[in-house]
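Here the structure comes first, spelled out in structure tokens, and everything after it is commentary.
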Amino acid sequence: MEKIPMTPTGAAALERELGQLKSKERPAIIRAIAEAREHGDLSENAEYHAAREKQGFVEGRIKELESLLSRAEVIDPAKLSGSIKFGARVKLIDEDTEEERNYQIVGEAEADIERGLLNIRSPLARALIGKDEGDSVEVTTPGGQRSYEIVEIRYG
């Protein structure tokens with residue numbers, strides 16, 4: 001099985017979500033199903049079918065989270081240094097617009113571009129890996145070719 005790189009923060013978030021699903025969501029759905037069964041005929045019982053559907057979603061997500069966490073390779077960026085690699089926090093300047101952007105390179109499961117968490121498999125992250133401060137990178141994005149200058153690299 002392929003290991004999935006993950007930061008300690010990302011692994012903790014997935015563990016919290018798993019705990020929430022197991023301790024709160026799952027018991028609530030079981031109660032809802034039991035209550036809906038008491039209403040009689042299940043073939044036309046919308047509450048029962050909705051609860052069963054939600055149960056399927058929650059159980060699927062629990063399995064997905066357990067799989068992700070069992071394959072997680074937690075890498076603490078605070079113990080790293082040097083050129084850009086997994087876990088690095090990078091400050092970039094778009095060479096065309098002079099716009100500053102900050103990203104942290106993280107695993108697929110924790111990526112969220114809106115929060116500056118860049119998927120390690122994304123074109124930009126792949127272009128940044130191995131580069132140093134002062135380097136420029138060219139990236140082909142869905143919006144076209146972009147050039148960025150690496151201003152700062154931090155870990156931790």
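The table below gives the values:
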read-out	value
Given charges at beta-carbon only (K, R positive; D, E negative), |dipole| of the range 2-72 in Debye	360
Shape of the range 75-152, Cα gyration tensor, a/c cut at 1.5	oblate
With eigenvalues of the C-alpha gyration tensor scaled by 5 and rooted, the chain, Å	43, 18, 11
For the range 2-72, with +1 on Lys and Arg beta carbons and -1 on Asp and Glu, the positive-most of Ala32, Ala13, Phe57 along the dipole	Ala13
The chain, helix-only ellipticity at 222 nm - DSSP H runs n ≥ 4, -39,500 (n - 2.57), divided by all residues, nearest 500	-12000 deg cm²/dmol
Average Cα contact separation per residue, the range 1-120, under 8 Å, 6 or more apart, as relative contact order %	30
Ala13 paired with Ser83, simple spin-label distance in nm, labels 7 Å along Cα-to-beta-carbon	2.8
The chain, accessible area per residue, ligands and nucleic acids excluded (1.4 Å, Å²)	60
Summed residue charge, Cβ within 14 Å of Ile29's Cβ, Lys/Arg positive, Asp/Glu negative	+3
Calculated FRET efficiency for the pair Glu95/Lys24, C-beta based, R₀ 35 Å, to 0.05	0.15
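The values are calculated or read from the model by the stated rules, or taken from the named source; none is laboratory data. Keep in mind that what you see is a predicted model, and the values were worked out from it rather than measured. Here Cβ is always computed from backbone atoms with ideal geometry, including for glycine, and neighbour counts include all displayed protein chains. Side chains included, ligands, DNA and RNA excluded: accessible areas come from the protein's heavy atoms. Shrake-Rupley method; radii C 1.70, N 1.55, O 1.52, S 1.80 Å.
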